[in-house]
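The values are calculated or read from the model by the stated rules, or taken from the named source; none is laboratory data. Just so you know, these numbers come straight off a predicted model, no measurement behind them. Cβ placement follows ideal geometry from the backbone for every residue including glycine, while neighbour counts extend to all protein chains displayed.
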Amino acid sequence: MIKVLFVCLGNICRSPMAEYMFKDLVKKRNIDNKFIIESRATSSEEIGNDMDIRAKRKLSENNIPISKHTAKKLTIDDYYNFDYIIGMEKANIINILRIIKEDKDEKVYRLLDFTNKKKDIDDPWYTNNFDITYNELNEGLNSFLTYLIEKGEV
């Protein structure tokens with residue numbers, strides 16, 4: 001079982017979008033039984049809140065199924081319970097490392113580092129551009145899955 005945790009600042013836009021998009025991606029490939037996929041925040045600001053309505057709308061437009069989402073904050077225990085902790089931007093990575101203290105097992109990654117772009121995914125809560133976010137997440141998630149397949153984990 002491959003345990004994947006997507007992380008962003010508030011866990012209401014990018015990381016839950018990545019969570020549901022990746023769940024959909026692996027389900028369409030008939031390998032969803034090999035994964036546990038969740039998402040978290042590095043900040044406490046949105047804890048307990050639902051996913052941003054604009055994020056839900058973008059997922060709905062692309063026929064990505066979602067379930068009830070409640071923003072949760074990353075904990076040190078998450079480091080031990082997940083195989084991959086994937087942030088959306090460098091600031092997320094810095095905050096993830098503050099929470100987990102150290103990444104001795106090299107589990108922490110930035111999503112677009114699995115692509116040729118190697119850049120941050122801007123926060124659509126601020127940019128209001130959920131199209132770009134969706135497209136970048138889609139590219140990153142497909143590249144991440146390819147990485148796992150090439151590594152022989154799937």
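Just a few scattered comments:
- Those residues of the range 106-154 which are aliphatic (A, V, I, L, M) and not in a helix (DSSP H, G or I), in sequence order: 108, 121, 154
- Of the residues making up the range 30-45, those that are closer than 15 Å to residue 74 by Cβ and part of a loop (DSSP other than H, G, I, E, B) are 42, 43, 44, 45.
- Reported count of residues in the range 86-96, each being without any contact (Cβ under 8 Å) to a residue 60 or more places away in the chain and exposed (fewer than 15 other Cβ atoms within 10 Å of the Cβ), is 2.
- Restricting the first member to the range 106-131 and to residues that are more than 20 Å from residue 84 (Cα to Cα), and the second to residues that are of a type in the set (Phe, Trp, Tyr) and buried (at least 17 other Cβ atoms within 10 Å of the Cβ), the beta-carbon pairs closer than 7 Å and six or more apart or on different chains are 124/130.
- Unmet criterion (only one of (1) without any contact (Cβ under 8 Å) to a residue 24 or more places away in the chain; (2) in a strand (DSSP E or B); (3) of a type outside the set (Gly, Ala, Ser)) for residue 27: (2)
- Residue ID - surrounded by the fewest Cβ atoms within 10 Å (Cβ to Cβ), chosen from residues in the range 75-85 that are in contact (Cβ under 8 Å) with a residue 24 or more places away in the chain and under 19 Å from residue 47 (Cα atoms): 76
- Residue in the range 59-66 that is among the charged types (D, E, K, R), surrounded by fewer than 15 Cβ atoms within 10 Å (Cβ to Cβ) and in contact with a helix residue (DSSP H, G or I) (Cβ under 9 Å, 6 or more places away or on another chain) present: yes
- For residue 12: the one exception among (1) hydrophobic (A, V, I, L, M, F, W, C); (2) surrounded by 15 or more Cβ atoms within 10 Å (Cβ to Cβ); (3) not in a loop (DSSP other than H, G, I, E, B): (3)
- Flag for residue 60 being out of contact with any Asp or Glu (no Cβ under 9 Å at 6 or more places or on another chain) and assigned to a loop (DSSP other than H, G, I, E, B): no
- So residue 52, is it among the charged types (D, E, K, R) and closer than 26 Å to residue 152 by Cα: no
- Restricting attention to the range 20-51, the residues that are surrounded by 22 or more Cβ atoms within 10 Å (Cβ to Cβ) and acidic (Asp, Glu) total 0.
- Some residue of the range 13-25 being modelled with pLDDT of 95 or more, acidic (Asp, Glu) and over 14 Å from the mean Cα position of the chain (by Cα): no
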